[in-house]
Each structure stands twice: as C-alpha cells, then as structure tokens.
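Below is one structure, written out as structure tokens; comments come after it.
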Amino acid sequence: MISANLSGKAAFVTGGASGIGLAVVERLAANKCKVAINDLASSPRLEAEVEQLRKAGHDVIACPGDVSKQEDIDAAVAKAVQHFGGLDFLVNNAGTPGTAAPIPVDDFQRMDEAFWQKLVSINQVGPYRCLKAAAPHLKKAKGAVVNVASTAGLGYGGSSSVYASTKAAIILLTKEWAHAMGPDVRVNAIAPNVVDGSGWDCKFDDGDLKSYVAKLPLKRAGTPADYAETIFYLLAGAPYVTAQTIVMDGGGAR
C-alpha cells in the first residue's frame with residue numbers, strides 16, 4: 001500500500017459515502033488529506049461516515065448535493081473551499097446503473113428516454129458539473145482530477161448499453177479535460193471492472209459472476225480498496241501522467 005504526506009491538501013470526493021468513493025476518502029484521510037465527502041443529502045450513510053471518520057481524528061466534512069444539479073454542486077464545492085481554504089483534488093466517482101438488474105442490449109423499452117436522461121445527467125454531465133465548479137481552485141493549487149469510468153465503456157458489457165455509453169464518454173472527456181486543465185492540473189481516470197462491495201443496487205447473477213472471476217488471472221473481483229489505491233496514486237503521485245484511463249480488470253477474462 002502506497003502512502004504520501006498530504007498534510008495541507010484538500011479533496012472533494014463525489015459518491016463518497018460508500019463503495020469506491022468511501023475507500024478513496026479513507027485512503028486520503030489516512031494520509032492526512034482533508035476531505036469533503038459529497039453524496040446525496042438523502043443518503044443515510046453520509047453523516048454516519050463523516051462522524052466515524054472524525055472520531056478517528058480525520059478532518060472531513062459532509063458536502064451533500066446531487067451531481068445532476070449544477071446549483072447543488074456549486075454550493076457543495078463552495079462549502080468545501082470555504083471550510084478548507086482551497087481544493088487540490090477532485091474525484092468524480094458518483095454514478096448510477098439506474099437499474100436493479102442488468103438490461104439486455106435489445107430491450108429498448110426499458111432503456112427509454114427517461115432512463116437515458118437520468119444516466120447521462122448523473123454519469124456523464126455530473127462529472128462536468130463538478131469540474132466546472134472546482135476548476136479555478138484546482139488550477140490555483142496545481143492539483144489533480146480522477147474520473148471513475150468503467151470497463152463497460154470499453155465494450156466489456158455492463159448493466160446496460162446506456163450505462164456503457166456514459167462511461168465511454170467519460171473516457172473520452174478525460175482526454176479532453178486533460179488538455180483543458182493542463183498544464184496546471186492533471187486529469188486521469190480508472191476503468192474498474194467487477195467491484196466486490198460497490199454498494200450498488202444492480203446485482204448480477206452469482207453463478208455468472210463466479211464463472212467470470214474464475215477466468216481472471218487474479219481469480220477475484222476487485223474491491224473498493226483496490227480501485228482506491230490506484231486513484232490515490234493518480235492524485236498523490238504520477239506527476240507526468242495525464243489524459244490516461246487505467247484499466248483495472250484483474251487481467252481480463254478469456
């Protein structure tokens with residue numbers, strides 16, 4: 001496990017009350033980074049996780065807000081900047097599959113316009129809203145951004161073709177935003193595959209999942225901590241890495 005002294009640094013992590021987001025918060029906080037934890041105001045875990053981390057001696061605050069609403073994100077980022085005096089890191093982790101079960105690629109009725117609008121607004125435009133709000137502060141700090149994409153965006157399949165398309169967009173936007181934010185801010189992404197403990201409602205058949213994992217060189221699903229480790233590296237290290245998406249798929253099944 002890598003480490004770095006991030007004293008004096010501040011991060012804004014979306015979807016930070018569970019899964020990969022929470023693992024990122026914990027890694028940053030353990031390395032003395034101040035963290036603004038963003039999640040939906042309705043999330044029962046947000047205040048609970050903040051309280052637990054504070055009891056452990058970490059400098060964290062709750063910055064609730066919906067990434068599908070620019071006014072929410074503007075207020076959440078402003079709160080973080082005011083509290084910490086600036087912002088060094090942004091982790092665009094918030095997202096949704098929008099479904100409790102995978103949707104076949106030919107089921108156009110379930111992937112209707114309302115479904116498209118929801119997933120595009122949260123998964124694709126949401127990270128833009130966060131970057132727009134945080135950009136001046138990140139540039140001033142010469143910071144870093146990590147977007148959480150997915151191997152679904154690389155054609156691996158996923159909860160739906162709509163979800164896959166939003167993650168493909170994030171992989172492209174990572175390159176675009178690296179040019180937009182450079183040279184002051186590095187922008188990278190990770191593309192997780194199977195997540196053991198994602199906290200999402202969308203569930204895959206256990207038999208199919210076990211069969212898939214058995215074909216991976218590492219013989220296991222990735223955990224939030226696995227993905228958080230790479231995000232941490234892209235934030236705290238990797239000084240000459242930008243515009244990249246790191247594929248984290250356990251080696252790939254065949």
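The values are calculated or read from the model by the stated rules, or taken from the named source; none is laboratory data. What you are looking at is a predicted structure, and each value in this text was computed from that prediction instead of being measured. Ideal geometry is used to build each Cβ from the backbone, glycine not excepted, and the neighbour counts take in all protein chains shown.
Brief remarks on what is shown
- Here residue 177 meets the list (1) surrounded by fewer than 21 Cβ atoms within 10 Å (Cβ to Cβ); (2) part of a helix (DSSP H, G or I); (3) at pLDDT 95 or above almost entirely, failing just condition (1).
- Within region 202-249, considering residues that are among the polar types (S, T, N, Q) and not in a loop (DSSP other than H, G, I, E, B), the one modelled with the lowest pLDDT: 211
For every residue, the table says whether it meets (1) within 27 Å of residue 167 (Cα to Cα); (2) assigned to a loop (DSSP other than H, G, I, E, B); (3) in contact with a strand residue (DSSP E or B) (Cβ under 9 Å, 6 or more places away or on another chain); (4) not acidic (Asp, Glu).
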| residue | (1), (2), (3), (4) |
| --- | --- |
| 48 | no, no, no, yes |
| 54 | no, no, yes, yes |
| 74 | yes, no, no, no |
| 77 | yes, no, yes, yes |
| 98 | yes, yes, no, yes |
| 103 | yes, yes, no, yes |
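- Among the residues listed as 90, 119, the single one being touching a residue at least 24 places away in the same chain (Cβ under 8 Å), in contact with a strand residue (DSSP E or B) (Cβ under 6 Å, 6 or more places away or on another chain) and within 28 Å of residue 191 (Cβ to Cβ): 90
- Criterion (out of contact with any Ser or Thr (no Cβ under 8 Å at 6 or more places or on another chain), charged (D, E, K, R) and within 25 Å of residue 121 (Cβ to Cβ)) met by exactly one of 9, 55, 34, 69: 69
- Filter result for residue 23 (of a type in the set (A, V, I, L, M, F, W, C) and in contact with a Cys (Cβ under 7 Å, 6 or more places away or on another chain)): no
- From the list 146, 162, the lone residue that is surrounded by 18 or more Cβ atoms within 10 Å (Cβ to Cβ), closer than 23 Å to residue 242 by Cα and modelled with pLDDT of 90 or more is 146.
- Hits in region 231-254 (condition: closer than 14 Å to residue 186 by Cα, surrounded by 15 or more Cβ atoms within 10 Å (Cβ to Cβ) and of a type outside the set (A, V, I, L, M)): 232, 233, 242, 244, 245
- Residue list for region 19-46, restricted to those being farther than 20 Å from residue 9 by Cα, surrounded by 15 or more Cβ atoms within 10 Å (Cβ to Cβ), free of Cβ contacts under 8 Å to residues at least 60 places away in the same chain and not aliphatic (A, V, I, L, M): 39, 43, 45
- Of note, residue 186 does not satisfy the criterion of being within 14 Å of the chain's Cα centre (by Cα), crowded, with 20+ Cβ neighbours inside 10 Å and closer than 21 Å to residue 13 by Cα.
- Residue that is farthest from residue 128 (Cα to Cα), among those in region 47-88 that are of a type in the set (S, T, N, Q) and loosely packed, with under 15 Cβ neighbours inside 10 Å: 52
- Meets criteria (surrounded by 22 or more Cβ atoms within 10 Å (Cβ to Cβ) and among the polar types (S, T, N, Q)) for residue 92: yes
- Every residue from region 149-159 that is of a type in the set (Gly, Ala, Ser), in contact (Cβ under 8 Å) with a residue 24 or more places away in the chain, part of a loop (DSSP other than H, G, I, E, B) and surrounded by fewer than 24 Cβ atoms within 10 Å (Cβ to Cβ): 158, 159
- When 95, 143, 155 are checked against the criterion of being of a type outside the set (Phe, Trp, Tyr) and in contact with a His (Cβ under 9 Å, 6 or more places away or on another chain), a single residue qualifies: 143.
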